[in-house]
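The values are calculated or read from the model by the stated rules, or taken from the named source; none is laboratory data. All of these numbers come straight from a predicted model, not from anything done at the bench. Counting neighbours? That spans all protein chains shown, and the Cβs are built from the backbone with ideal geometry, glycine included. Please note that ligands, DNA and RNA were not included when accessible areas were found on the heavy atoms of the full protein model with its side chains. Shrake-Rupley method; radii C 1.70, N 1.55, O 1.52, S 1.80 Å.
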Amino acid sequence: MANKLLGVPLKKPSEVDIVKPLNNLIQSTYSGASAEDKGKYAECVNEFSRQRNSAIWKFFEKYEASLEVVYSYFDQICALETKIPVNELQIPFKWKDAFDKGSLFGGKISLTHTSLLYEKVCILFNIAALQSCLAAEQSLESDDGLKMAIKLLQQSAGIFQYLKGAVPAAIPSEPTPDLSQDTLQCLQALMIAQAQEVFITKAIKDNMKEVVIAKLCCQCEEFYADVLKAMQKDSVRTLWEKEWIPSIAGKQAGFHALTQLYQSLVCRSAKKIGEEIARLRNAVELFKAAQTRSGNATYLDGHFTRAKRNLAESTKDNEFIYNEMIPDVNSLSAPGKAQLAKPITLASPLSSNFKDIFNELVPVELHRALTASDMRKSEIINAEILKLREATQTLNAVLASLNLPACVEITDDGSGLPPSLIEKANDVRQKGGIDTVKRHLKELPELLNRNREILDETERMLDEERSSDNQLRNQFKEKWTRISSDKLTEMFRTNSKKYREVINNAIEADKTVRQKFETNEKGIELLSLPHQQLQQAMPVAGGSVDPSCTSVQKLKHLMENVETIKAERDAIESELKSTTFNMKNEFLQALQKDGVIDEPALSLVHIGQVLSPLQAQVKESIERQQSLVSDVQIAHSEFVSETGSSGNARDKLCKELATAYDSFIELLGNLKEGTKFYNDLTELLVVFQNKISDFCFARKTEKEELLKDLTTESSRQAPAPTPTLPSHYSSTSGSGADISTTDGSSSSMPTANTGSMAGIPYPQSVQGMPMPYGAASNVPYPSYAPPPMPQGFNPYATLPYPGTPFQYSGFPQGPPPGHYGTYPGSFASHQGGYPNQKPPGW
């Protein structure tokens, strides 16, 4: 019946490495997963990569079977969105404009954007385009072909309608012309008009009533009139294929003609000969206009012939029989409109047999809620443990100042060691003695320098990138159109300052630890000696203690109470550390019911129920200690009065050794935690450095593309070398050398695999750093939160060692996702993959 349906051209994709950044992001997000699970996740990522590579080229195989492949890839993107922090997946997806054919002086218009949402809208555009192409390939002679074409065109219209709202959210910069609001509006309207056209074809084929067909045609004529008007806007009129505007103009006239033809048949049935002739005359003129506008001399030829035949018959009948007046066609009422074609709302999944590759990953919101709940629980538990340990330290300090329990354990001859001192010395030797402390103290500066060098190198990369950008901005002025480095790296630099503060605070903590060691070094060294040497170092007591003395018995009983309260605290601490509860089911229910998880409210209720009994025990233990300390001090005063002990040299040394022992235990724990702190900080800094390196790599590639465009533009504007030559020849010959220098072959232009920012290694002096559990190859993160550190009590909490970088709350956020687009030309994909970031020895 009509001209061939129009199919929307496809966006051209580029292959990109999604394995490395996606795998690293999953490993970082789900850092607590087992090695087996991480292996499964890695295989899922590989499968996802294969699925993309298959889908993006299936678009160009215009068969219905191709739809199922691309539907599955789109469904997988939708599923993946809920299971990872999508704003942190910074893969440089590059797509070329669907309508741009390129030119002699540059490649096709393209946009590279580091966002999964951008990939999603490009895939959706191509799905809608493929649906339109397949609809155009359907046979409109069969019912199945008609039904399939109607379905595909309405689905395509629904996707273009969805994209009008999705594109601004996915692409904060200016999109390629095919994704502009005006273009999407035109394509949606075109799909609806074509669907209405196919409905009319089916209605005519099914011999529906003329009045119904007239109304359908009237609506279709209006649809095509709207499409024609929209397509002639200045913002989009240059995009379309050369035959599109004539074809649509022809269809607009053609369906106006069909409206008049079928309404004339209604008039014929009603014996309204005058109106029939007026409509037929108008229809004949409109059929002629449709064929002229479309450039197709046979367009609607069958209907045109019928209209001329009916006009001749009716005119003859009117002249010889009816003699009715022929009204002005403009005075006739419209037949009314009937719309059957409507956009089909986009629904997921599109695939009929979709299977989620990442079905073992929980929704990212659930994962974050579980992580936050665990951290909240750990913070409360650590606070309770800290209360117990501080109370115990206070108790030990009081006992050491009173030389207890050593003063009531002196042997008869005064030459032996008190049992409590022997026990402490044995414990020190078993834990490695003073040599262990010195070894850890020696390691701390090395660990500190390693972290400081990584941060220095990271800041150097940012400074170098900014310097390069500012230099080119000063050189090209307003032509240097990309976003300035200062705006993009503002949050990166905030993060860097935060890490610098963390390191500075750690340096102060190191000083505190070292001062504590120097204060107690002599006592720790004595406790590290063998038993005989320690006994020889002890002064002889001036007298003996009567074990039957009332005050001695009282003190011994109180010392038993002290050991009891310490044992109870060990048990309470063990219970606190082993406390677990599973919030997964409750969080899932909240997510399904409300769409969000109020983690603090839900977690605190359960934490209170589980920890309240233990918190009460902690409070009771601390309160009991107050009365116990008071009793010990009173009993010790009585002991001094009864025995006359006033603190000789032996008592003084025992006090020093008791204090040294407590300091040794505290130092050993602090140093081990300090070593862990620096190693964990290294992993965070490695993640941070990788992000900066990837950002700089993307900016370098963007810089090269923009330089290429500016060089090409300069070549096109260059004057002809010989005035007598034709302009088109002079432009071509004059730009040849410049074009060859912008494809990366010239030594004056940087390439994707060279330059100061490509393949930046870690500082050469950094050896043996642990592999990061979140080294994602991504550029600017809109919501950057470092992975939380393993939970547990940290003795460094009593020192000024920072804990800020390991918390989600309060940590500085990253910059918005980078968008690297150039018009004309394209942001080249990574030619050599991501830069190698491993230093020698890894």
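Site pair GLN532 and ASP631 shows an inter-label distance of 4.2 nm when each label is modelled 7 Å from Cα along Cα→Cβ. Taking all protein chains as they are arranged and a probe of 1.4 Å, the heavy atoms of LEU602 leave approximately 40 Å² accessible to solvent. The reciprocal of the average 1/r between distinct C-alpha atoms defines the Kirkwood hydrodynamic radius, which for region 8-56 equals 12.1 Å.
Evaluated over the Cα positions of region 458-552, the convex hull gives a direction-averaged projected area, one quarter of its surface, of 12.7 nm².
Taken along its three principal axes, the alpha carbon spread of region 114-195 comes to 45, 22, 16 Å, from the longest extent down to the shortest.
One decimal place: the segment ALA65-ALA397 gains 111.6 nm when fully extended, by the rule 0.36 nm per residue minus the C-alpha distance.
Considering every alpha-carbon pair of region 299-379, the percent of pairs per 5 Å bin, from zero through the bin containing the longest distance, is 3, 8, 7, 8, 10, 7, 5, 5, 5, 4, 4, 5, 5, 5, 5, 5, 4, 2, 2, 1, 0. For region 571-665, the calculated P(r), taken from all Cα-Cα distances in 10 Å bins from zero up to the bin holding the longest distance, is 12, 22, 22, 16, 13, 9, 5, 1 percent.
Could you list the residues of region 129-160 with an amide nitrogen less than 18 Å from a label point located 7 Å from the Cα of THR345 in the Cα-to-C-beta direction? Within reach of a label on THR345, which here means backbone N under 18 Å from a point 7 Å along Cα→Cβ, region 129-160 contributes 154-160.
Roughly speaking, what is the centre-to-centre gap between region 482-496 and region 568-601 when only Cα atoms are used, to the nearest Å? With region 482-496 and region 568-601 each reduced to a Cα centre, they are spaced 37 Å. Each Lys or Arg adds one and each Asp or Glu subtracts one; over the other residues with Cβ under 15 Å from the Cβ of GLN589, this totals -3. Taken along its three principal axes, the alpha carbon spread of region 236-327 comes to 54, 21, 17 Å, from the longest extent down to the shortest. Rounded to 0.05, the FRET efficiency of the GLU285 and ARG473 pair, given R0 = 45 Å and the Cβ-Cβ distance, is 0.15. Computed from label points 7 Å out along Cα-Cβ, the spacing between GLU174 and GLU521 is 6.8 nm.
Can you give me the Rg/Rh ratio for region 47-121, using Cα atoms for both radii and the Kirkwood formula for Rh?
Answer for region 47-121: 1.02.
When the Cα positions of VAL686, ASN670, THR659 are compared along the charge dipole of region 651-691, VAL686 comes out farthest toward the positive end, with charges on each C-beta of Lys, Arg, Asp and Glu.
Report D for region 174-251 in µm² per second (integer): Stokes-Einstein, Kirkwood Rh on Cα pairs, 37 °C, 0.692 mPa s.
Reported coefficient: 244 µm²/s.
If I take R0 = 45 Å and measure r between the Cβ atoms of GLU575 and ASP463 in this structure, what FRET efficiency does the formula 1/(1 + (r/R0)^6) give, to the nearest 0.05? Walk me through the intermediate numbers first.
Working: r = 51 Å, r/R0 = 1.13.
Between GLU575 and ASP463 the formula returns 0.30.
Over all Cα pairs of region 283-333, how is the pair count split among 5 Å bins, expressed in % and running from 0 up to the last occupied bin? Answer for region 283-333: a P(r) of 4, 19, 19, 20, 18, 12, 6, 2 percent.
Of all the C-alpha pairs in region 336-419, what % are more than 19 Å from each other? In whole percent, the share of Cα-Cα pairs in region 336-419 beyond 19 Å is 75. Model label points for LEU591 and GLU319, set 7 angstrom from Cα along the Cα-to-Cβ axis, are 8.1 nm apart.
In whole Å, what is the distance between the alpha-carbon centres of region 154-182 and region 310-377? Between the Cα centres of region 154-182 and region 310-377 lies a distance of 17 Å.
Evaluate region 1-89: find the radius of gyration of its Cα atoms, find its Kirkwood radius, and give the ratio Rg to Rh.
Working: Rg = 16.9 Å, Rh = 15.1 Å.
Rounded to two decimals, Rg over Rh is 1.12.
Distance cut-off 20 Å, Cα to Cα: go down the list LYS12/LYS700; LYS479/LYS708; LYS12/LYS94; LYS20/LYS691 and report the pairs above it. Pairs exceeding the cut-off: LYS12/LYS700.
Using the Stokes-Einstein relation with a Kirkwood hydrodynamic radius computed over Cα pairs, the translational diffusion coefficient of region 478-621 at 20 °C and a viscosity of 1.002 mPa s comes to 91 µm²/s. The share of alpha-carbon pairs in region 576-619 lying farther apart than 15 Å comes to 49%. Of the residues GLY254, PHE287, PRO335, the one whose Cα sits farthest towards the positive end of the charge dipole of region 225-367 is PHE287 (charges of +1 on Lys and Arg Cβ, -1 on Asp and Glu Cβ, taken about the Cα centre).
Placing +1 on the Cβ of each Lys and Arg and -1 on the Cβ of each Asp and Glu in region 151-207, which of ALA166, MET191, LEU152 has its Cα farthest towards the positive end of the resulting dipole? The residue sitting most towards the positive pole is LEU152. If you plug the beta carbon distance of THR481 and GLN232 into 1/(1 + (r/R0)^6) with R0 = 35 Å, you get a FRET efficiency near 0.75. Largest first, the three principal axis extents of the alpha carbons in region 84-242 are 57, 37, 27 Å in whole numbers.
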